Amino acid sequence: MARVAFTGNLKRHVDCPVAQAAGATVEAVLENVFAANPRLRSYVVDDQGRVRKHVNLYVNDKRAALRDAVGADDEIFVFQALSGG
């Protein structure tokens, strides 16, 4: 199962500890994480199921998209970008 970790900025808004989840794509893994933690979904994806503009996904230190393949030993990192001036 893939390991899913979240940036500290996101953890300030919703409880999202490191998780292990199965799936062949980033989207499938995240759907399994959301099933266990439904409140997290709205912080990561919009109502159309698209990654929010302020969220970036990485698989093993490489920027990723929802449709990208994931292996059992991969790590997905959900990064909430900060803005301001």
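The values are calculated or read from the model by the stated rules, or taken from the named source; none is laboratory data. Computed from a predicted model, the values in this text were never measured in an experiment. Cβ: placed from backbone, ideal geometry, glycine included. Neighbour counts: every protein chain shown. SASA here: full protein model, heavy atoms, side chains in, ligands and nucleic acids out. Shrake-Rupley method; radii C 1.70, N 1.55, O 1.52, S 1.80 Å.
Percent of Cα-Cα pairs per 5 Å bin, from 0 to the last occupied bin, for the chain, please list those.
3, 15, 30, 28, 17, 5, 1, 1
Could you grab the relative contact order for the chain? Cα pairs under 8 Å, six or more apart, rounded to a whole percent. Show your work: numbers first, answer last.
Numbers: 142 pairs, mean separation 32.8, N = 85.
Relative contact order, the chain: 39 percent.
In whole percent, how big is the carbon plus sulfur part of the accessible area of the chain, probe 1.4 Å, protein atoms only? Walk me through the numbers before you get to the answer.
Values: 2540 of 5280 Å².
Looking at the chain in its full context, I get 48 percent from C and S.
Under the 0.36 nm per residue contour assumption, what length would be gained going from the current alpha-carbon distance of residue 47 and residue 77 to full extension?
Details: separation 30, 0.36 × 30 = 10.80 nm, distance 2.10 nm.
The span from residue 47 to residue 77 would gain 8.7 nm if fully extended.
Which of the listed residues, 40, 57, 9, is farthest toward the dipole's positive end in the chain, when Lys, Arg count +1 and Asp, Glu count -1 at the beta-carbon?
9
Rounded to whole Å, give me the distance from the Cα center of region 40-83 to that of region 1-37.
Their Cα centres are 9 Å away from one another.
I'd like the orientation of helix 26-36 relative to the chain: the angle between its Cα long axis and the longest Cα principal axis, in ° from 0 to 90, rounded to 10.
Taking Cα atoms only, the helix is inclined about 70 degrees.
Rounded to the nearest 20 Debye, what is the dipole magnitude of the chain about its Cα centre when Lys and Arg each give +1 and Asp and Glu each give -1 at the C-beta? Intermediate values should be presented prior to the final figure.
Working: 11 positive and 10 negative charges, 67 e Å.
Dipole size: approximately 320 debye.
Go through region 45-51 residue by residue and turn each phi into a ³J(HN,Hα) via Karplus (6.51, -1.76, 1.60, θ = phi - 60°); whole Hz please, and just put x for glycine and proline.
The phi angles translate into 10, 8, 6, 9, x, 8, 4 Hz.
Mind checking the per residue accessible area of the chain for me, 1.4 Å probe, whole number of Å²?
Values: 5280 Å² over 85 residues.
Spelled out: the 1.4 Å probe surface of the chain, per residue, equals 62 Å².
How many nm separate the modelled label positions at residue 63 and residue 28, each set 7 Å beyond the Cα in the direction of the Cβ?
2.5
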